[in-house]
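Here, each number is a calculation from the coordinates, and none is a lab measurement. Just so it is clear, the model here is predicted, and its values are computed rather than measured. Please note: Cβ atoms are built from the backbone with ideal geometry, for glycine as well, and neighbour counts cover all protein chains shown.
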Amino acid sequence: MKPSDKFKLTEQQIDKLENIRKEKYKENKNFTQEKLAKDSNVSLDDYKRFIGKKQGNSVLERYQIENLAKTLGIQPTDIIEPREWKGEKLFKYTKKFDALIEEKTRRFVGRKFVFDGFQDFLKNHDRGYFTVVANPGEGKSAIASQYVNKNPDCIYYFNVRSDSQNRADQFLDNVCHQLIYRYQLGEDSFSKGANEDGDVLKELLQTVSEKLSGGEKLIIVVDALDEVDLNSQTEGANVLYLPRYLPKNVYFFLTRRDEEAVKSRLLIEAPAKTLYLKDYSEKSKQDIRAYIRLLVEDDPEYQEKLRNWIKKQGITRDKFIEEVAQKSENNFMYLRYVLPQIAAGYYQDLKLEDLPEGLTNYYRDHWRLMRMDRTKINIVYLLTVIRRPISRGLIAKFATVGELKVSEYTVQDVLREWSQFLIEDRIEGESRYKVYHASFADFLQSDEMVKAAGVEIRNIHGLIADTLWQELYGDEEDGEDE
């Protein structure tokens, strides 16, 4: 039913497993080999033979590894390499999300109320849709990533507009193949044209549902429905062709912004629960405080510099944590920007109470500080319009207007000045840049900022179109040569 039912562990993997148990034993003297074996539904003799690494006894069934990992409070992939655990073919369809998941789960804290809410939903319903709704920067993708990180056997897909990974056909192709290889359904289950609508997905879900046994559940995580290109699918169809009806023991864990365009494109007749983060403001604030405390007290990259700033302010750590939490307005993206800026010395001469209030004001303050000329403004807006990795050279070409050439050095200046809002990717040996978070692009394209910057978004699109036309046709005139 799964990519592989048996795994032959190396001596290093066996040692790692037993060392984790020994660490648990230091904390709790009851955590003996006998207890681990019993709680994991593995016979003590089998476990001792396995730990002894005698020839032929280093093989464990998948369910045994799952049970041992659960008892030890770890994931199977903490012992077995993800590629091996999932199987090579399945790994091909999930590896594209690895970097995103790693980034989003770094320094992850809290959100227990969300995961508890989902567990309650699973207990109370035999199928259904569970949706987390939040504002930009409140951590929707981090929540989805953390769930996947802690439940690596689930099926998952992340919509990322800035990577052009947000079309319905891409979703169907990826998720259907994950189902096929995860549950060994046969590659002929995905026929030509299967990514044109949701029919094959529905068939696969039904097939998997019939295969599940012993309390198994199929959970599919889909992040950022608000980033889906709705023009990539039939008008009136559910977003990503998500099924209106679900078979037993099939669940979707979704995240999205609170936008009517997406909400109106999800007609379902199955148990459903929507969790709005705004309804849990106090619990969210507790998580915000925990995140700030983590960076101040237990983060090798930032703790010393943050403590020095706090000391210079003449305040306590608790005062700092409470004040910054208040100013964040429960927005983790605000903390991702402001705390590193404090550590880097950008607010050296500023009092705690003068830090910007909320993410929008942080963006606004940074814009004022930059005092950019028209060329640099165009470069920043080009990045927000394109929303996909782009090289310095191509940015320079797009930003060139007429005879006014823009150099890569000018582009590099802008990239440096706005580096905290950008991600640098290495693609085919070349550095390419894109906006880190959609909230920054949304801010710059708001009516207020477009007016303040003196730009028209259509003109930015025009710069791109003119460059592409020049690349294709040069200075040739329309019509035949005379």
For a test of the definition: using alpha carbon positions, the gyration tensor, and the 1.5 limit on a/c, classify the stretch 88-278 as rounded, prolate or oblate. rounded
The long-range amide H neighbours of Val132, using H built 1.01 Å from N in the peptide plane and a cut-off of under 5 Å, are Leu254, Thr255, Arg256, Leu275
Student exercise, the chain dipole from Lys, Arg, Asp, Glu Cβ charges, in Debye to nearest 20: 2800
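Can you work out the FRET efficiency for the pair Glu187 and Asp258, with r the C-beta to C-beta distance and R0 = 30 Å, to the nearest 0.05? Let's see the in-between values first.
Working: r = 39 Å, r/R0 = 1.31.
Efficiency computed from Cβ-Cβ geometry: 0.15.
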Counting only residues 5 or more apart in sequence or on a different chain, those whose built amide H sits under 5 Å from that of Tyr436 are Leu422, Ile423
Taking 8 Å as the Cα distance limit and 6 or more residues as the minimum spacing, I'd like the relative contact order of the stretch 6-80 as a percentage. 42
For Ser391, the residues 5 or more places away or on another chain with a placed amide H closer than 5 Å to its own amide H are Tyr433
Only helices counted: for the chain, with every DSSP H run of 4 or more residues adding -39500 (n - 2.57) and the sum spread over all residues, [θ] at 222 nm is -15500 deg cm²/dmol
In whole angstrom, note down how far apart the Cα centers of the stretch 282-330 and the stretch 131-182 are. 30
Note, the stretch 294-300: 3J(HN,Hα) by Karplus (6.51, -1.76, 1.60, θ = phi - 60°), whole Hz, Gly/Pro = x, goes 4, 5, 6, 10, 8, 10, x
Karplus-derived HN-Hα couplings along the stretch 216-233 (A = 6.51, B = -1.76, C = 1.60, θ = phi - 60°), whole Hz, x at Gly and Pro: 5, 9, 9, 10, 10, 9, 10, 9, 6, 4, 5, 8, 5, 7, 5, 6, 8, 9
Could you calculate the FRET efficiency of Arg368 with Leu267 from 1/(1 + (r/R0)^6), where r is the beta carbon distance between them and R0 is 41 Å, rounded to 0.05? 0.35
In degrees rounded to 10, the 0-90 angle between helix 358-370 Cα long axis and the longest Cα principal axis of the chain is 40
Identify, among Gln146, Ile220, Asn378, the residue whose Cα sits farthest towards the positive end of the charge dipole of the chain, taking +1 on the Cβ of Lys and Arg and -1 on the Cβ of Asp and Glu, with the dipole about the Cα centre. Gln146
Using only Cα atoms, tell me the angle between helix 112-124 and the longest principal axis of the chain; keep it within 0 to 90° and round to the nearest 10. 50
Modelled label-to-label distance, Asp46 and Glu282, 7 Å Cα→beta-carbon offset: nm? 4.7
Helix 317-328 versus the longest principal axis of the chain: what angle, 0 to 90°, nearest 10, using Cα atoms? 60
Contact order relative to length of the chain, as percent, for alpha carbon pairs under 8 angstrom and 6 or more apart: 13
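Please report, largest first and rounded to whole Å, the three semi-axes of the ellipsoid equivalent to the chain, where each semi-axis is the square root of five times an eigenvalue of the C-alpha gyration tensor. Display every interim value, and only then the final one.
Numbers: eigenvalues 365, 201, 101 Å².
Those come to 43, 32, 22 Å.
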Reduced to Cα centres, the span from the stretch 343-357 to the stretch 194-255 in Å works out to 46
With θ set to phi - 60°, apply the Karplus curve 6.51 cos²θ - 1.76 cosθ + 1.60 along the stretch 265-273 and write out the HN-Hα couplings as whole Hz, x wherever there is a Gly or Pro. 9, 9, 9, 10, 10, 8, x, 8, 9
Placing each pseudo-label 7 Å from Cα in the direction of the beta carbon, Glu353 and Ala99 end up separated by a distance in nanometres of 4.5
